1. Scan the stretch 144-159 and give yes if some residue there is in contact with a Gly (Cβ under 8 Å, 6 or more places away or on another chain), among the aliphatic types (A, V, I, L, M) and on the phi < 0 side of the Ramachandran plot, otherwise no.
2. Residue by residue through the stretch 270-291, note down the ones that are of a type in the set (Val, Ile, Thr) and within 15 Å of Met356 (Cα to Cα).
3. Scan the stretch 79-96 and tell me whether some residue there is surrounded by 18 or more Cβ atoms within 10 Å (Cβ to Cβ), in a helix (DSSP H, G or I) and at pLDDT 75 or above.
4. Within the set of pairs 6 or more residues apart or between chains, which connect a residue that is in contact (Cβ under 8 Å) with a residue 60 or more places away in the chain and within 13 Å of Thr445 (Cα to Cα) inside the stretch 393-418 to a residue that is among the hydrophobic types (A, V, I, L, M, F, W, C) and assigned to a loop (DSSP other than H, G, I, E, B) with Cβ atoms less than 7 Å apart?
5. Please go through the stretch 128-163 and pick out each residue that is of a type in the set (A, V, I, L, M) and assigned to a loop (DSSP other than H, G, I, E, B).
6. Can you name the residue in the stretch 97-133 that is among the acidic types (Asp, Glu) and free of Cβ contacts under 8 Å to residues at least 12 places away in the same chain and, of all such residues, is farthest from Gln53 (Cα to Cα)?
7. Of all residues in the stretch 237-247, which are more than 19 Å from the chain's Cα centre (by Cα) and modelled with pLDDT of 85 or more?
8. If you check Thr445, Thr426, which single one turns out to be polar (S, T, N, Q), crowded, with 21+ Cβ neighbours inside 10 Å and not in a loop (DSSP other than H, G, I, E, B)?
Amino acid sequence: MHIEDLDLTSQTKQERYATLLKQVVALGEGERDEVAVMVYPGLNGVQHDAVAQTISYRVNSTQHYVENSYDPESTLMVGMSADDKFSLTSLYGWYKISLPKSYVFKSLYFRGNDGEQLTGTACYSYADNSFEFVAVEDGSEITLDCNNFTPTDEEGMADFYFALMPQTFSKGVTISVDYGDGVPVLLFMTYGSVTIEANCITESRDTEEWESRGIGTYADDFLSGLYSRPAGNCVPVTIEESASRPGYYRLVNLFSEDNSRIVIGGLPSDMSFASEDVYIVIDARDPENVFIPFQYTGVTIEGFGQVWIGMATTEKGKMGVLQDGIITFPAGTCVVLCDETGSGYYSNINGRFRIMFEGHEVYMTASYRGEEVIGNEYASVFDFVLGEDVAEYRYTIVEGDADITTHDAVLELLDGNFSGNYVCGTKPVSEPVLNVTALATGLYTLFAVPVDSAGKPSELDLTKIVFYARNGASDEELAFDATVLFATVAE
């Protein structure tokens, strides 16, 4: 897309160029064919060498948001002419990202993933239309100051532009955001090559074709934390993978109404859901540094706004890991953000967030269906999906929100030697529905694990589901109760 196609201001095209020419700076006539060189705007420190046919200038490290445009004071347009008619061409290209119009934040940051130099003193040769930085500097980041951006209640997205010198980022780029406390939070990252061309706009997201990876399992440590509910409840989820970028996944309707009811352990009355399909993208192209781009979940909480998720760190070695068909993240490395209040909350506090793919040898997903009347009793009903190599599954139920890493019931489950102190048992794969009766009203934890034909349990598939046995009582009223991470950004 050429910049000519971008509506930069409310002025007409002719008025805009008339304004440009009034502000243009004549750098003097060259010694070759009496050609005058002009630039816009008149940046400080611009130097012209007519003999070498070069222009030297500073590339700014801080740019400023301009509505529907880029920062004109952070770009350089050059024109050459032997008469009084100049055609100005931008030496810069633009990288565009889109964020909700209602979102509150302070600044955006752009970096190349290979530490490419972005700012400093540059030299442009109009003889061969090339540029280079004349000295190595620590200029690997550009800040886009967004104090001029005014959030509104309008639906839709606002566009933000980084002005960049033409170059190729062979290992991709990283965009981070500051919500007002000076701590950058990962917005999104690309691993594929990104090329910036002069006078052209590069979009931040590409169109993907997706292929099914089957039904996986999601263990929650996002929504549950917003309501101070136990983490680790599991739901089945459809997983798709990019056809062109292996390891780039999306989860289909992960935070749907039904799934949210299960992972939270009830449906809060202040929560509503998008009517269209919503996809959660997980970038696992680097299995040792899996990350979650900043994105809308499809969930809206009354008084707080749309719920977005992302990551609190871009530091390699502190992001997620894909191993043996399961994606996990270190505790506290993810965030949940609400666009109406501009506030954010640490998530995955318990380290229980995980995504498990279908296809490894022993495979199991479990979900809590809810409470049903069977005969004259109330039963808590669970549904299991079991892989071909599963011979049976074991389960045990304990009171309260039990810790999957320390509870002795989990050790009994893995050993297969039940003490009889808990509700427990073993079921064949021919019985994928588990009905548990005779539970007193209260909070419980189900632990379950699949077992292969040799009697070996798959600890990777060990599942925890926290549920509430109501015995016909009304659903428990749930209230938003999260710990603030970022203060609301002042206007």
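1. No, there is no match, as no residue in the stretch 144-159 is in contact with a Gly (Cβ under 8 Å, 6 or more places away or on another chain), among the aliphatic types (A, V, I, L, M) and on the phi < 0 side of the Ramachandran plot.
2. Our first condition is that a residue be of a type in the set (Val, Ile, Thr); within the stretch 270-291, this holds for 278, 280-282, 290.
Across the stretch 270-291, the qualifying residues are Ile280, Val281, Ile282, Val290.
3. For the stretch 79-96, residues surrounded by 18 or more Cβ atoms within 10 Å (Cβ to Cβ), in a helix (DSSP H, G or I) and at pLDDT 75 or above: absent.
4. Ile404/Leu462
5. As a first pass, look at the stretch 128-163 and keep what is of a type in the set (A, V, I, L, M): 134-136, 142, 144, 157-158, 163.
Within the stretch 128-163, Val134, Ala135, Val136 meet the criteria.
6. From the stretch 97-133, those among the acidic types (Asp, Glu) are 114, 116, 128, 132; that's our starting set.
Now drop any that are not free of Cβ contacts under 8 Å to residues at least 12 places away in the same chain, which leaves 128, 132.
Details: Asp128: 9, Glu132: 14 Å.
The residue in question is Glu132.
7. Restricting attention to the stretch 237-247, the residues satisfying the condition of being more than 19 Å from the chain's Cα centre (by Cα) are 243-244.
Passing the criteria: only Ala243.
8. Details: Thr426 fails: crowded, with 21+ Cβ neighbours inside 10 Å.
From the options Thr445, Thr426, the qualifying one is Thr445.
The values are calculated or read from the model by the stated rules, or taken from the named source; none is laboratory data. Keep in mind the model is a prediction, meaning the values are calculated, not measured. Note that each Cβ is placed from the backbone with ideal geometry, even for glycine, and that neighbours are counted across all protein chains shown.
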